[in-house]
Structures are given as structure tokens and as C-alpha cells.
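The values are calculated or read from the model by the stated rules, or taken from the named source; none is laboratory data. As the structure is a computational prediction, the values presented were derived from the model and not from experiment. Methodologically, a virtual Cβ is constructed for each residue, glycine included, from the backbone with ideal geometry; neighbour enumeration extends over all protein chains shown.
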Ligand code: 5GP
């Protein structure tokens, strides 16, 4: 059975998309640990980093700094970013389709400097707020 990210990639489940090309999709994480929390996923299904070929690594990892810059540029209150990938259930991976969390950091976000993306703020986000954030990041991605 397809995992939830396979379904998002196929368009069967909606997402707040910020970037897409032939190889990767980037969209807002529903939990929004901080505003702008984005997931970067390879379109080709791989469970996690243990299954990466050099080709998948090139396609996905080269996008990380570009996406990070777009996220930072989308809001001048963003001063840092945590990039994390959980690989394996023992490491906290809950969706078995490889993904990279990009979690923007704000000087006043009151989170620990290092954090696992296990915080759920989705109750604070209306559809309009998600869409506005996704649009801002997508606009910056077009300039990268
Ligand atoms: P993991 O715990 O595997 O590192 O991260 C999985 C992430 O997927 C979680 O942060 C969770 O909020 C996010 N997530 C789970 N289901 C959905 C969904 O249907 N849509 C979106 N956008 N994110 C999801």
C-alpha cells in the first residue's frame, strides 16, 4: 500500500506545495513545528536514507541549501533553520518515505536549539495561513 507521501506526490491527497520538479516535492509539514516547517521528499519511493542511491542523493540533497535559502528569504524574522531526517522507527521516523524536515527558527520561538520535529501546532494554522506561507516560500524558490 502507498504511504501518505506517495499519495501526496500523486496528488491523491492535497498539500501546501512550495516546490516540485521531476525528482522531488517540497510541501509544508502539517504539524508546523515553527511557521514554514517544510518537508523535502524524493518522488521515487525510498523508505529512508539507507536505500539512497548516489543518484537519489544528488537529486534530493542538492536541493536542501536552495530550499533553505528560499525558506529563510520568505520571512525576515527567520534567523536560522534546523534540517533533520529521521531514519528508521528507532530514530523516530513515523512516515516510511524518506523526508527531510526544514524547520525555520525565530529568535523568539522559545524552542530548544536542537529539537526533534515532534511538536504539533496544526491547531494554530488555518488553510489560509498554510497557503500564505507556502506561497511566500514558493515565490522565493522561483528566484533561486
Ligand atoms: P517523521 O516523524 O517521520 O520524521 O515525520 C513525519 C512528518 O510528516 C511529521 O512531522 C508529520 O507532521 C508529517 N505528516 C504526517 N502526515 C502528513 C500529511 O498528511 N500531510 C503533511 N503535510 N504532513 C504530514
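Residue 88 fails exactly one of the following numbered conditions: (1) within 15 Å of the ligand (Cβ to nearest atom); (2) closer than 20 Å to residue 122 by Cα; (3) surrounded by fewer than 16 Cβ atoms within 10 Å (Cβ to Cβ). What is the number of that condition? In the conditions (1) within 15 Å of the ligand (Cβ to nearest atom); (2) closer than 20 Å to residue 122 by Cα; (3) surrounded by fewer than 16 Cβ atoms within 10 Å (Cβ to Cβ), residue 88 misses (2) alone. Just checking, does region 59-80 include any residue being more than 14 Å from residue 102 (Cα to Cα), within 14 Å of the chain's Cα centre (by Cα) and touching a residue at least 12 places away in the same chain (Cβ under 8 Å)? There is no residue in region 59-80 that is more than 14 Å from residue 102 (Cα to Cα), within 14 Å of the chain's Cα centre (by Cα) and touching a residue at least 12 places away in the same chain (Cβ under 8 Å). Screening region 18-30 for residues that are more than 9 Å from the ligand (Cβ to nearest atom) and outside any strand (DSSP E or B) and picking the one that is farthest from the chain's Cα centre (by Cα) gives 22. For residue 109, state whether it is more than 18 Å from residue 132 (Cα to Cα), over 13 Å from the mean Cα position of the chain (by Cα), within 15 Å of the ligand (Cβ to nearest atom) and modelled with pLDDT under 95. Judged against the criteria, residue 109 is not a match.
The rows are residues; the columns are (1) in contact with a strand residue (DSSP E or B) (Cβ under 7 Å, 6 or more places away or on another chain); (2) part of a helix (DSSP H, G or I).
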{"position": "39", "(1), (2)": "yes, no"}
{"position": "55", "(1), (2)": "no, yes"}
{"position": "94", "(1), (2)": "no, no"}
{"position": "109", "(1), (2)": "no, no"}
{"position": "123", "(1), (2)": "no, yes"}
{"position": "128", "(1), (2)": "no, yes"}
{"position": "135", "(1), (2)": "no, yes"}
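Consider residue 93 against the criteria (1) in contact with a helix residue (DSSP H, G or I) (Cβ under 9 Å, 6 or more places away or on another chain); (2) within 9 Å of the ligand (Cβ to nearest atom): it satisfies all of them except one. Which criterion is unmet? Unmet condition: (1).
Of the candidates 41, 33, the single residue that is surrounded by 15 or more Cβ atoms within 10 Å (Cβ to Cβ), within 16 Å of the chain's Cα centre (by Cα), within 15 Å of the ligand (Cβ to nearest atom) and modelled with pLDDT under 95 is 33. Residue pairs whose Cβ atoms lie under 8 Å apart, separated by 6 or more positions or on different chains, with the first residue in region 86-113 and farther than 26 Å from residue 59 by Cβ and the second within 8 Å of the ligand (Cβ to nearest atom), are 111/33.
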